[in-house]
Amino acid sequence: MMELRRRIERAWEEREASAPGSEALGAVRETLAQLTAGTVRAATPSAGGQWEVHEWVKKAILLHFRHSDMKPMESGALHFFDKVEVQSDWTGKGARVVPPATVRHGAHVAPGTVLMPCFVNIGAWVGPGTMVDTWATVGSCAQVGARCHISGGVGIGGVLEPLQAAPVIVEDGCFIGARSEVAEGVLVREGAVLAMGCYVGASTKIYDATRGEEIPRGEIPPRAVVVPGTLPARDGTHATYALIIKKYRDERTDARTALNDILR
Ligand SMILES: CC(C)(COP(=O)(O)OP(=O)(O)OC[C@H]1O[C@@H](n2cnc3c(N)ncnc32)[C@H](O)[C@@H]1OP(=O)(O)O)[C@@H](O)C(=O)NCCC(=O)NCCS
């Protein structure tokens with residue numbers, strides 16, 4: 001891995017050269033193949049519940065865009081014109097992929113995943129047993145853990161630039177309700193539940209009603225059950241959108257957000 005990283009870093013330094021060498025192109029190609037296989041990730045869990053973002057992976061993706069020409073491509077009956085291939089051979093991968101789900105080369109879809117007609121962008125990771133429902137988007141480099149439900153129309157924001165920006169991370173066992181949007185590197189901790197229509201970015205206020213206090217922005221605590229709401233401004237002249245933690249997951253929540261094994 002260090003070797004591949006070193007090759008990408010060198011290719012990045014030399015990116016202004018008029019024509020990339022075969023070494024640079026080979027390193028980019030290998031990184032994208034490993035992203036697809038899941039042996040390389042844009043971000044990985046590290047000690048103490050932290051996540052480490054691998055900038056070199058994003059550099060590889062950006063280099064791919066820089067050094068690739070648009071070309072006609074097809075996937076089944078669908079035709080495209082782009083720089084990144086669409087994955088089309090799902091045999092033996094253990095995922096269920098419903099047409100016209102679109103997964104770009106460089107995204108990893110683990111076994112046991114169900115992809116309804118959704119879009120999974122380059123660099124993304126979708127963990128085993130996760131369901132990505134209809135018209136949901138998993139953005140570039142976003143990381144979605146195991147046994148999550150990403151409901152219909154959800155947007156899991158991606159990030160390629162700036163390089164140091166963290167992607168959105170949804171840890172294992174989360175439920176993201178229909179039409180919600182998670183953006184700007186927000187971290188959704190294990191088992192959290194977002195109700196339908198929750199919009200959360202780095203600046204969104206999060207109020208924990210079980211403790212009666214606002215909590216730090218950008219992170220949804222483990223097992224929190226979050227609904228859309230508002231919080232009054234300090235001067236009381238108006239209120240703004242906020243997420244409210246109404247409770248922590250209980251049996252009722254589990255029953256309402258359970259994954260259906262028969263679909264997997
Ligand atoms: C979050 C959700 C799972 C409910 O969880 P739950 O644990 O059963 O929640 P409860 O019904 O016990 O409600 C707890 C509190 O949260 C509030 N609440 C629950 N869901 C809410 C919602 N969607 N919007 C606003 N408030 C909500 C309840 O009013 C209740 O408030 P109260 O304590 O002041 O009475 C459910 O509302 C939801 O959003 N489901 C997702 C549906 C969906 O997206 N399906 C996928 C389609 S592809």
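The values are calculated or read from the model by the stated rules, or taken from the named source; none is laboratory data. Because the structure is predicted, anything quoted here is derived from the model rather than measured. A quick note on method: Cβ atoms are made from the backbone with ideal geometry, for glycine too, and the neighbour counts reach across all protein chains shown. Side chains are part of the model used for accessible areas, which takes the heavy atoms of the whole protein and leaves out ligands, DNA and RNA. Shrake-Rupley method; radii C 1.70, N 1.55, O 1.52, S 1.80 Å.
What to note about this one:
- Considering residues of region 24-55 that are within 27 Å of ASP89 (Cα to Cα) and among the charged types (D, E, K, R) only, the residue least open to solvent (accessible area, probe 1.4 Å): ARG41
- Among the residues of region 141-159, those identified as in a loop (DSSP other than H, G, I, E, B) and either open to solvent by less than 30 Å² (accessible area, probe 1.4 Å) or under 17 Å from PRO45 (Cβ atoms) (or both) are CYS141, ALA142, GLY145, ALA146, ARG147, CYS148, SER151, GLY152, GLY153, VAL154, GLY157, VAL159.
- Scanning region 227-242 finds no residues that are assigned to a loop (DSSP other than H, G, I, E, B), of a type outside the set (D, E, K, R) and either within 13 Å of the ligand (Cβ to nearest atom) or crowded, with 18+ Cβ neighbours inside 10 Å (or both).
- Subset of region 243-264 (residues that are in a helix (DSSP H, G or I), in contact with a Phe, Trp or Tyr (Cβ under 9 Å, 6 or more places away or on another chain) and either free of Cβ contacts under 8 Å to residues at least 24 places away in the same chain or farther than 30 Å from VAL98 by Cα (or both)): ARG256
- Here VAL138 does not fit the description of being open to solvent by 20 Å² or more (accessible area, probe 1.4 Å) and either in contact with a Phe, Trp or Tyr (Cβ under 6 Å, 6 or more places away or on another chain) or of a type outside the set (Phe, Trp, Tyr) (or both).
- For region 111-125, a residue qualifies if it is in a loop (DSSP other than H, G, I, E, B) and over 13 Å from the mean Cα position of the chain (by Cα), and the qualifying residues are PRO111, GLY112, THR113, MET116, PRO117.
- Residues that are within 23 Å of GLY127 (Cβ to Cβ), assigned to a loop (DSSP other than H, G, I, E, B) and open to solvent by 90 Å² or more (accessible area, probe 1.4 Å) within region 67-98 comprise ASP89, THR91, listed in sequence order.
- Residue in region 195-214 that is in contact (Cβ under 8 Å) with a residue 40 or more places away in the chain, more than 10 Å from the ligand (Cβ to nearest atom) and of a type in the set (Asp, Glu) present: no
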